[in-house]
């Protein structure tokens, strides 16, 4: 079939095709939302009023629309939580408006990154790895514990970045430009840093030692200088140094190369310049498992030091609820019991435990298939069809007990590293005892 040669007819046909595509998208989106609501036994009688013609909603989009709608409904209408949930269409429309504004802001952020004028190849190299705030994908609500640490980060970073006018009066009340997150591996330090950038609307620069050492052939000083200059152009910006001890460790190491020493000195000079500029909305957020290996000059430039330690039982239960929020659980599963039998587990350890437990139903399904196949062959019947994902049973308490035998805590509570972390926290960390006699617990913030 050839397109019409007449321009008016071609224009009309093109317009009709666009309308048909928009109508098909709208119907598909309504079906996706209705299916999502039905699976969760939530009623909404006017879903057809949602006319979303410009895009096809993904499962994550639908999850966000309904989630934002439920939160808005609870806040505005205070419904009876014991009754079957009924979601007004106005709440769903509110949720849709939120994800549309997020999408629009993301587009603006991407355009802003592309429009940044870079002065040299080092800035251009760094810019390719900068993440816009709406693309990071991690918020504080995604972190199941660490409420005190999140509260501190909101006060120290997010409020100054979003409302700088509150910190313009006097000389003492100035935004903190450097914060250290320290603690055992797997406790959520990197997730916290990403959530800070998301919540504050700041660009996220993740600087690793490997990205710098690859540029140490006489160019290391220029590269670290470009980190600070680019961050200033992208302001507000969160510069995140993961495993900062590997990059900015103590400088008295006799085996350290001269090029590395010069790079550190250059970084210290540029960092000091950033600290003196109160108008620059740039924050350095560093993370380490070994704060006692940091150079003293680095510690001085990170005046606030928050320990992100191993979660206690109530916080382990919160983390488990977050990890298992979209999994099917049998009635005998007690997350309180799982939390109590995982003393010393980090958030990362708990996820590994849940992944191991989730593999058990798959194992049982495959075993069931083999058994049914052997039985069919023995009885001379055709082989049965393979089972599907719908045949996977829910997770049972025995699955978690079995996984507990396989997955252990990655950091022993009585390890040398833990003792050194506790001592460093007491001496230099926020809320440390400063040498006073104080009973220690397994959760320090």
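The values are calculated or read from the model by the stated rules, or taken from the named source; none is laboratory data. Quick caveat: nothing in here was measured; it's all calculated off a predicted structure. A quick note on method: Cβ atoms are made from the backbone with ideal geometry, for glycine too, and the neighbour counts reach across all protein chains shown.
In segment 128-203, counting only helices (runs of 4 or more DSSP H) that sit wholly within it, the ones holding 3 or more residues that are within 15 Å of residue 236 (Cα to Cα) and under 13 Å from the mean Cα position of the chain (by Cα) span 189-200.
Condition check ((1) at pLDDT below 80; (2) within 30 Å of residue 390 (Cα to Cα); (3) assigned by TED's automatic domain parsing to the domain that holds residue 89) across all residues:
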| residue | (1), (2), (3) |
| --- | --- |
| 6 | yes, no, no |
| 9 | yes, no, no |
| 21 | no, no, yes |
| 26 | no, yes, yes |
| 29 | no, yes, yes |
| 33 | no, yes, yes |
| 41 | no, yes, yes |
| 49 | no, no, yes |
| 54 | yes, no, yes |
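So, residue 174, is that one modelled with pLDDT of 85 or more and in the same structural domain as residue 274 (by TED's automatic domain parsing) or not? Answer is no for this residue. When restricted to residues that are surrounded by fewer than 20 Cβ atoms within 10 Å (Cβ to Cβ) and more than 12 Å from residue 196 (Cβ to Cβ), segment 135-150 contains 6. Within the set 389, 403, 376, the sole residue that is in the same structural domain as residue 347 (by TED's automatic domain parsing) and in contact (Cβ under 8 Å) with a residue 40 or more places away in the chain turns out to be 403.
Confirm whether residue 208 is within 30 Å of residue 413 (Cβ to Cβ), under 24 Å from the mean Cα position of the chain (by Cα), in the same structural domain as residue 149 (by TED's automatic domain parsing) and at pLDDT below 85. Here the answer is yes, as residue 208 does meet what is asked.
Is it fair to say residue 423 is modelled with pLDDT of 90 or more and farther than 18 Å from residue 308 by Cα? When the stated conditions are applied, residue 423 does not pass them. In this structure, residue 333 does satisfy being in contact (Cβ under 8 Å) with a residue 24 or more places away in the chain, within 23 Å of residue 387 (Cβ to Cβ) and crowded, with 18+ Cβ neighbours inside 10 Å. Restricted to segment 93-134, and to residues there that are out of contact with any helix residue (DSSP H, G or I) (no Cβ under 6 Å at 6 or more places or on another chain), modelled with pLDDT of 80 or more and closer than 18 Å to residue 59 by Cα, the residue that is surrounded by the most Cβ atoms within 10 Å (Cβ to Cβ) is 93. Quick one: would you say residue 283 is buried (at least 19 other Cβ atoms within 10 Å of the Cβ) and modelled with pLDDT under 90? So residue 283 fits the description; yes. Here residue 387 qualifies as modelled with pLDDT under 90 and over 22 Å from residue 312 (Cα atoms). If you filter segment 229-267 down to residues that are modelled with pLDDT of 85 or more and under 25 Å from residue 185 (Cβ atoms), you find that the one that is surrounded by the most Cβ atoms within 10 Å (Cβ to Cβ) is 238.
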